[in-house]
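K.L.:
Supplied in structure tokens, the structure appears directly below.
We did not get these values from a lab; they are worked out from the coordinates using the rules stated. Please read these numbers as outputs of a predicted model, since none were measured by experiment. Cβ coordinates were reconstructed from backbone atoms using ideal geometry, including for glycine residues, and neighbour counts include every protein chain displayed.
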Protein chains: 4
Amino acid sequence: MSFSFGKSFKITIFGESHGACVGVAIEGCPPGQEIDTSLIQKALDNRKPGQSIITTQRREKDKVETLSGILNGKTTGAPLVLLVRNKDVDSSFYEEIKNTPRPGHADLAAWFRYNGFHDYRGGGIFSGRMTAAFVMAGAVAKQILAEKGIKVLAHAIQIGNVRICREISNEEIEKNVYTSNVRCADLEVSGKMKEEILKVKKEGDSVGGIIECRVLGIPPGIGNPIFDSIESVLSHMIFSIPGVKGIGFGSGFDCVSMKGSEHNDPFFLKDGKIVTATNNAGGILGGISDGMPIVFRVAVKPTSSIMKLQKTVDLKRMKECKIRVRGRHDPCIAVRAVPVIEAATCIVLVDLCRDISFEDK
Amino acid sequence: MSFSFGKSFKITIFGESHGACVGVAIEGCPPGQEIDTSLIQKALDNRKPGQSIITTQRREKDKVETLSGILNGKTTGAPLVLLVRNKDVDSSFYEEIKNTPRPGHADLAAWFRYNGFHDYRGGGIFSGRMTAAFVMAGAVAKQILAEKGIKVLAHAIQIGNVRICREISNEEIEKNVYTSNVRCADLEVSGKMKEEILKVKKEGDSVGGIIECRVLGIPPGIGNPIFDSIESVLSHMIFSIPGVKGIGFGSGFDCVSMKGSEHNDPFFLKDGKIVTATNNAGGILGGISDGMPIVFRVAVKPTSSIMKLQKTVDLKRMKECKIRVRGRHDPCIAVRAVPVIEAATCIVLVDLCRDISFEDK
Amino acid sequence: MSFSFGKSFKITIFGESHGACVGVAIEGCPPGQEIDTSLIQKALDNRKPGQSIITTQRREKDKVETLSGILNGKTTGAPLVLLVRNKDVDSSFYEEIKNTPRPGHADLAAWFRYNGFHDYRGGGIFSGRMTAAFVMAGAVAKQILAEKGIKVLAHAIQIGNVRICREISNEEIEKNVYTSNVRCADLEVSGKMKEEILKVKKEGDSVGGIIECRVLGIPPGIGNPIFDSIESVLSHMIFSIPGVKGIGFGSGFDCVSMKGSEHNDPFFLKDGKIVTATNNAGGILGGISDGMPIVFRVAVKPTSSIMKLQKTVDLKRMKECKIRVRGRHDPCIAVRAVPVIEAATCIVLVDLCRDISFEDK
Amino acid sequence: MSFSFGKSFKITIFGESHGACVGVAIEGCPPGQEIDTSLIQKALDNRKPGQSIITTQRREKDKVETLSGILNGKTTGAPLVLLVRNKDVDSSFYEEIKNTPRPGHADLAAWFRYNGFHDYRGGGIFSGRMTAAFVMAGAVAKQILAEKGIKVLAHAIQIGNVRICREISNEEIEKNVYTSNVRCADLEVSGKMKEEILKVKKEGDSVGGIIECRVLGIPPGIGNPIFDSIESVLSHMIFSIPGVKGIGFGSGFDCVSMKGSEHNDPFFLKDGKIVTATNNAGGILGGISDGMPIVFRVAVKPTSSIMKLQKTVDLKRMKECKIRVRGRHDPCIAVRAVPVIEAATCIVLVDLCRDISFEDK
């Protein structure tokens, strides 16, 4: 079923952008796991709209509510159900454009898929708002990973044509990502990225970005070839996030013009452990973790919802027409994708790690 | 389980590079489906090693054998099991390097994952040879798709630094791909790619490539958000192919520096159908097909097995040492990935299309 | 994951007996399906506690709440989430017996399974109250089946030593089952069953029962051998209902002393359709529906929670001790299992029927 | 997919009664597990036809063949594929009756399910011969369980009207079951059962039976409520075996006329462990093992293939007609179901036990 993800740690997402709520049911939390709900709230706060002039002005408090699965602050082994209510809802524009699909949006495809019965208000299940569910589940997963010494870090390395050109340390990401408005660990580049976004915003336009994600502390031997390689499972999850167009692990598309002798990461010993100096493999060999950090990059497209006039078709009359998208939209969804990609990665890792239990290794 | 893929059309892969065979069990073929085994054989022939000086010299006839699931040339509804035998096996080198993982290879990671019990001979389940199973299943899937008017085309658009710079028509791909040694539809560029490969081969080195894949005739409304978007399921499958490092749908990573007004594909009417002029979406909006061709590109890394001396570690003695990989290897696995990516895509599409049966639409 | 059931029509159950709510997320409703929530409410009312002197005195209104998945009274294709709140909760007794597992109850086994972290209040996820989730999902499934002309009927055919000895028509079940306090279609036998229950209740004891379930209107050709035979999937579901100890299809255990010549149901033609006079097969041959009504019987054990003094062990001190179960319990859970078995069967049938879509046949 | 079973230990069955082979792909064997193929052969020998005058006279050597997944006698972590070839095949009778479904057989239902394209020769996938696949996988599972101290015992406790009336010890079952022609641990009753079978055989008829199965050494805390209770998963599997009509755990259908005070098994301490004197629970409370032996009984119907003349319908002409089943059939399939039920139970238990890894407990 397509609203569920995972085998040993499984999430089921529900809700709609303009319905009562957005929520998630999480199965497979180990019983007795301490859950700090303030950390879930903090993660939601990092994703939440209306935080600065470069994000949508929809105002949602996004207070997390727990429906089941916790007793005395600890998981019971039963599904943990979390949700946030939708409060600041204005569906008027969507009633207007019900029959005129927005270019670059899911409208047309959804209309075919659900025979016209999908919830079109605010994008329904295709809204970026659904990612609140990823973030809640990710905040739970993060706490499970933390106990195993595993950490996931993400930040924006490129927004439009502005990109980071130097090496960024893990410490920088950890320290800066959520103080930067654009979720970029280099605070200088961060400023330029913000300008880039404000420029396109003024034009009634939007811009894309690249997010880099790193997983630290992952033990070697995680991943299940042939079909549940780490890349397979991670990419499956990441492409479930709205707006993602590409993913590359380690060297990614740069591998193409490299020679094998450049691309192979030679092994050596460091403190009795086998490591590599370079990490073109992105921490993954044969679909399995090799003990180095897992590294991947994600391309996020420019927001489809722009104020410029665009060509479309009226589905009822089957006639060409024009549309100008109103509503409250982010000029660069890549920025708000950062905590979502981080959360999504945490979810996948708990699932992969539980599949072959840590103790087994 | 990680050796199976699919929901309605499910494959389970078995076998090893130097074991008795490589095979696949296919569940979910509609009963009564005519299967032309000569087409399976032809697909295997297109993938098979030893075809030219730029592929491995391992000689395998790869004659397809049917174990079950067919009666009088038609599927019965029971699992269709197909296999090819391994004949030209030489495991001597692998006995030698059992404890010295090859850089860029699965050896080390597999050793951790399977506690040292994996079949290391010829790369075991990590061998490119396993892709024969993808090809057999893909050739079955292709016949099912053909009846629905769906066609999958793939070809190499870049090898090392040589890339195609012009638009290639679907007809060109169909006509040229398997006459080109390097599986590139532009026969002129094809020649330069071959030179590129021969050059690195002479150096005892290897090179990567980019494969483009197109799906024609896919009806709108296929794909299952949130988690089984077309991109999610396709990328899951594609990253199961050895050597894949990146994937991009439609505009892929190029989307990043585009503005929303450039990236959105405007809708218009053509012969009563809703179409787009550009295809930055790659035929997919909100994870669902929009009726345009599905297009994606895959980055394949340079072959890890190179003749040059490389640094590694002896796992038994935990000492650094050097290794020179012998054996029969392709200098550019991207070339042989073409029929595999094509096959893998066919498998995914049958699964996605059956999930919401064609008739339902 | 063990809180989910189904492939094409999938339910995920959440909540606890003494937590905030009991709910269910339903995936796979065909988009555009009209859902009458008053029918869901009616089904809940049929299951609800406190209805007569032979059921528990816990008072719950069990008003159904919809969290997502419906727009204008029709399903959207997104998960349909339904829940009832827990209002009349008294956990005091459960704090007392936290360490003294009740004989015949899940307490001890749950303690082992969840390392002592399960929600023990009111039986937690093992409470009969969880069946409200089955009933809500079943009421949705029932509406989908109704459109296909499929109907599910269940009633009690034995309570303790009182059993129905004559043939009961489908019409009788439909008419009488929910007017009978004990959910038995024969209103005379019904009275005797009630007496049987009141007798054991007075003794502080409990009694078991047999529920018969019939599925009418099921087309031939439903069911997925080898492993998803109708019996396999139905029994899987039915044994998820608390208190079920046995199931038999058609002749059930009576088949043992029959000869093949008696047991085989001969085929003949009636109005151009192939039918059988007897139905020892219970409408299922080779795991597939044969067009006759599906019939099965379910044995439900006597309620474990009895007022009599029983021997148990104090888990903390590891000492033998005695327990007298307080709380509000049904003297015969078989009675309240009737709408649950009906609901559970509806859920399974929608799943099985969608798996091979009706249109495919 | 319906030819696969299991989550952590998954089997996929393939082949047909009169095709090339019957086989099984097993995923999820822990890497490094020693597999003694002579034990697989021994299990096949116990199931194999043609062993005595009360079984079918089809002669099959059923020599096990290994296609993949083992290196140096140990599992590698890749799918273990095992098969037996079909040698003694005579399909002539099945060509004759292609259009006249045998009463009590899958013929008619299969015809609907597979639109007439199923392999009808020798019953195809509905043949008892498919259980050779269960037995091979079970023999692997048994070796995994043996290392954990878990043992599965099954034997016939009733054949037709002959039933065992005394308590049978585990030791008796272990010692006698495969020396008894009818797979009954009481050798005296065994003789009477044989007579019962020979009597009906002489009449050209058949008879049913009850098989009891016990699981010894199962740790408490195994089983995954709500939906993957031990009863749910076991019954799902057991009803996949041809001819099964009913199952009861512990007291089974006898629970109905018992009072709670009789049915509840009181806890007491024995050698520091919590045990029960009676075992009405059948070792399962709330769907989870409680540490006592798991006990269940299975009703197997009389063989459908009988020599007596029976009424049926000609599907081509849609006319009533008569059929006399020829071919080589067992007069009592319950007898040969014993090793199959044993095998099937082993498969389920490995899956359930691995799901929450032993180490976790």
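K.L.:
Add -39500 (n - 2.57) for each DSSP H run of 4 or more in chain B, then divide by its residues: what number comes out at 222 nm, to the nearest 500 deg cm²/dmol?
P.N.:
Counting only the DSSP helices, I get -8500 deg cm²/dmol.
K.L.:
Now for a different question. Under 5 Å between amide H atoms, partner at least 5 residues away or on a different chain: which partners does D:H18 have, H built in plane at 1.01 Å?
P.N.:
Under 5 Å from the amide H of D:H18: D:G124.
K.L.:
Does anything in the stretch B:313-329 have its amide N under 18 Å from the 7 Å Cα→Cβ label point of A:D271, and if so which residues?
P.N.:
Answer for the stretch B:313-329: none.
K.L.:
Past the 21 angstrom mark, what percentage of all C-alpha to C-alpha distances in the stretch C:48-182 do you count?
P.N.:
The calculated P(r) of the stretch C:48-182 puts 62 percent of pairs beyond 21 Å.
K.L.:
For the stretch A:116-183, report the convex hull volume of the alpha-carbon atoms normalised per residue, in Å³, without decimals.
P.N.:
So the per-residue hull volume is 143 Å³.
K.L.:
With equal scatterers on the alpha carbons only and no solvent term, can you work out the Debye log10 of I(q)/I(0) for the stretch C:1-96 at 0.22 1/Å?
P.N.:
-1.18
K.L.:
Between copies, how far apart are the B:E262 label points? List them in nm, one decimal, shortest first, with each point 7 Å from Cα toward Cβ, please?
P.N.:
Label-point separations across copies, in nm and ascending: 2.6, 8.3, 8.3.
K.L.:
Cα axis of helix B:187-202 to longest principal axis of chain B: angle in degrees, 0 to 90, nearest 10?
P.N.:
Helix B:187-202 and the main axis of chain B meet at about 20 degrees.
K.L.:
Relative to the longest principal Cα axis of chain C, at what angle does helix C:333-355 sit, 0 to 90 degrees, rounded to 10?
P.N.:
Here the helix axis deviates by roughly 40 degrees.
K.L.:
Next question, about the same structure. Run the label-point distances for B:E195 please: 7 Å along Cα to Cβ, every other copy, nanometres, shortest first.
P.N.:
Distances between equivalent label points, in nm: 4.4, 9.4, 10.3.
K.L.:
Eigenvalues of the Cα gyration tensor times 5, then square-rooted: what semi-axes does that give for the stretch B:289-328, in whole angstrom, largest first?
P.N.:
With the √(5λ) rule applied to the stretch B:289-328, the semi-axes are 41, 13, 7 Å.
K.L.:
On to the next question. Pulled fully out, how much extra length does the chain show between A:E167 and A:K199, if you take 0.36 nm times their separation in residues and subtract their Cα-Cα distance?
P.N.:
Full extension from A:E167 to A:K199 adds 8.8 nm.
K.L.:
Right, here's the next one. When averaged across all projection directions, what area in nm² does the alpha-carbon convex hull of chain D cover?
P.N.:
The directionally averaged projection comes out at 19.3 nm².
K.L.:
Can you tell me the Rg and the Dmax, both Å, for the Cα atoms in the protein assembly as shown?
P.N.:
Over the protein assembly as shown's Cα set, Rg and Dmax evaluate to 31.5, 94 Å.
K.L.:
Placing the label point 7 Å from Cα along the Cα-to-Cβ direction, what are the distances from C:V89 to the equivalent spots in the other copies, shortest first, in nm to one decimal?
P.N.:
Nearest to farthest, the other copies are at 2.6, 6.1, 6.2 nm.
K.L.:
Would you work out the charge dipole size for the stretch B:2-353 about its Cα centre, treating the Cβ of every Lys and Arg as +1 and the Cβ of every Asp and Glu as -1, and quote it to the nearest 20 debye?
P.N.:
Taking the Cα centre of the stretch B:2-353 as origin, the dipole is about 1260 debye.
K.L.:
With unit charges on the beta carbon (Lys/Arg positive, Asp/Glu negative), name the residue among B:P225, B:L198, B:S180 whose Cα is farthest towards the positive pole of the charge dipole of the stretch B:170-281.
P.N.:
B:L198
K.L.:
Let me ask you something else. For the protein assembly as shown, give the magnitude of the charge dipole about the Cα centre (Cβ charges: +1 Lys/Arg, -1 Asp/Glu; no others), in debye to the nearest 20.
P.N.:
Roughly 0 debye, rounded to the nearest 20.
K.L.:
Output the 0 to 90 degree angle, nearest 10, between the alpha-carbon long axis of helix A:37-47 and the longest principal axis computed from the alpha carbons of chain A.
P.N.:
Helix A:37-47 sits roughly 60 degrees off the main axis of chain A.
K.L.:
Could you work out the mean projected area of the convex hull around the alpha carbons of the stretch A:229-283, in square nanometres to one decimal?
P.N.:
5.0
K.L.:
Further question: Which entries in the list B:K10/B:K151; C:K273/D:K245; A:K148/D:K273; C:K87/D:K259 go over 27 Å, if you measure between the two C-alpha atoms of each?
P.N.:
Over 27 Å apart, Cα to Cα: A:K148/D:K273; C:K87/D:K259.
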